[in-house]
Amino acid sequence: MISTSKKLLSVLKGERYDVPPVWLMRQAGRYLPEYKKTRLIAGGFLDLCYNPKLAAEVTLQPLKRFDLDGAILFADILLIPNALGLNLEFKEGEGPILETINNHNDVLNLLKTNTIHNTLNPVYDAVSLIKSKLDKNITLIGFAGSPWTVSTYMIEGRGSKDHQKTKKFLAQHPESFDILISKITDATIDYLSKQIEAGADVVKLFDSWAGSLPGSLVEKYSLKPMKEIAERLKDIFPSVQIIVFPRGVGPHYKKFSQIKAFDCVALDSNLPLRWAKENVQKNVVVQGNLDPSFLVSGGKMMIEEIQNIKKMFSNGGHIFNLGHGITPNAEIKNVEILIDTLHR
Ligand code: CP3
C-alpha cells in the first residue's frame, strides 16, 4: 500500500499514472525574474544559499507559477567542499571558484566531517521552512553532488570540460584520491541525513561529470561511492527515496539501474529513448530527459519531443524532467507549454 498524496513520491514507490509527475532541474534560477530579484536582496548566490528564509522563498517560486509535482531545495553541490574548509566564491558570469586540493596534505587538512554542520545548518533550516510551507501533494527533494563530481571541483577549482587535473591527481596519488573520495562520501551521508531529518522526502545525487571518467573507472569512482551513500542512508532512513544522475555514462546506465538502493535513475538527453526503456526502465523508475535547449527554442519540435518521451516511458515508472538543468535564456512560456502538453 502506498499511503501518500504526493504523486512524485508514489511513483518512486511503484504507483503508475497516465500523466507522469514532473519537476525540472534548476527550476529555481535565472530564467525567472523573481529569482534574480531575491538573489539581489540576498547580496549574492552564496548569501542566498546560506539564508534559510530567502532560500525557501526561491525554492517555492517556480511552484507558484507552474503545476509541478516536486520542489527541490535551493542550495549548491559546492557547499560541502565549502563546509570542509575550502574557500568558495561565485563570480557573476564566471561560475564558481573554489580553493583547490593539490596534494596529500591538502586532503588531510580538510575539516573533520562532524564540523560541516556549523556551516551547513542554514541549509537544514531552509529544508524545515520549505516543508512547513509546502502543499501536502508536493514532494520535497534534497540533494548533494556525487563524490566524483565534487572532487573534480575541489581539484580543478572551477568547472572544466576534460578534468585533466583531477585525472592526473588520481593517477599520481591514487591513495590520496581515495581518501578524498571517502571524506566526501562521509560528509555527504551526514549532510543528506540532516536534510532528511528536516523533511526531505527524496534525495538526489548529481554526478554531472560521471561521463568524463574513462569507462574502466565509472564503476569505481561514480557508481560505488553513490551506492555506499544510498545504502548507508537507507540503513538509517528505510523509507527515503533516492535518485541518482550519472550524466553521460552511456551504456553504463544499465549497471546503475541494477543497484537496489537506487530508486530512480535520471537520464541525460543523449540516451536513445528506446534503449533507455529496454535497458534502464526495465529495472528501475527513470527520470528525464528533454534536452533543456527545447525550452529556449520552443515550437512544434519541442511538443513532439515531449510527447515522444511521455509515450516511450508510459508503461513503466517515469518522472518527467529535463536531461540537464534549465538555462538562464529558457522562455517561461515554453515551460508553461511543456506542462500543458504533458497534461493533455
Ligand atoms: O533548482 C534547482 O535545481 C536547485 C538548485 C541547484 C543549484 N545548483 C542552484 C544554482 C542545484 C540542484 C545545483 C546543483 C549543481 N551545482 C550541480 C549539479 C547539477 C548540474 O547542473 O550539473 C553543479 C555541477 C553545480 C555547481 C555550479 N553551481 C556551477 C557549475 C554553477 C555555475 C553555472 C551557472 O549556471 O551559472 C553554479 C551556480 C548555480 N547553482 C546557479 C544556480 C541557480 C546559478 C548562479 C546564480 O544565480 O548566479
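The values are calculated or read from the model by the stated rules, or taken from the named source; none is laboratory data. Every value quoted in this text rests on a predicted model; they were computed, and no experiment measured them. Note that we place each Cβ from the backbone using ideal geometry, even for glycine, and neighbour counts take in every protein chain shown. Heavy atoms of the whole protein, side chains included, go into the accessibility calculation; ligands, DNA and RNA do not. Shrake-Rupley method; radii C 1.70, N 1.55, O 1.52, S 1.80 Å.
Listing for the model above:
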quantity: Charge context of Ser3, other residues only, Cβ under 15 angstrom, K/R +1, D/E -1; calculated: +2
quantity: Given charges at Cβ of Lys, Arg, Asp, Glu: the chain dipole, positive-most of Gly85, Phe237, Gly299; calculated: Gly299
quantity: Among the listed pairs Lys227/Lys254; Lys167/Lys194; Lys220/Lys310; Lys277/Lys333; Lys6/Lys194, those beyond 24 Å (Cα-Cα); calculated: Lys167/Lys194; Lys220/Lys310; Lys277/Lys333
quantity: Average accessible area per residue (Å²) across the chain - probe 1.4 Å, nucleic acids and ligands excluded; calculated: 43
quantity: Beta bridges by DSSP in the chain, antiparallel share as percent, to the nearest 5; calculated: 15
quantity: Per-residue HN-Hα couplings for segment 193-203 [Karplus 6.51, -1.76, 1.60; θ = phi - 60°; Hz; x = Gly/Pro]; calculated: 4, 5, 5, 5, 4, 7, x, 5, 7, 9, 10
quantity: Low-density loop positions, GluC sites (Glu not before Pro), segment 237-344 - DSSP coil, at most 15 other Cβ in 10 Å; calculated: Glu331
quantity: Of all accessible heavy-atom area on the chain, the percent that carbon and sulfur account for (1.4 Å); calculated: 49
quantity: Amide H partners (placed H, <5 Å) of Ile319, local residues excluded; calculated: Val286, Gln287, Gly288
quantity: Loop trypsin sites (Lys or Arg not before Pro), segment 253-310 (other Cβ atoms within 10 Å of the site Cβ: 16 or fewer; DSSP); calculated: Lys260, Lys282
quantity: Loop-located chymotrypsin sites (Phe, Trp or Tyr not before Pro) in segment 1-71 whose Cβ has at most 15 other Cβ within 10 Å (DSSP); calculated: Tyr17
quantity: CD proxy at 222 nm, helix term only [per DSSP H run n ≥ 4: -39500 (n - 2.57); per residue of the chain; nearest 500]; calculated: -13500 deg cm²/dmol
quantity: Amide proton proximity set for Arg26, modelled H, under 5 Å, gap of 5+; calculated: Ile326
quantity: Table column - 3J(HN,Hα) (Hz), segment 96-113, Karplus curve with 6.51, -1.76, 1.60, x for Gly and Pro; calculated: x, 10, 10, 4, 9, 9, 10, 7, 4, 4, 4, 5, 5, 7, 4, 5, 5, 3
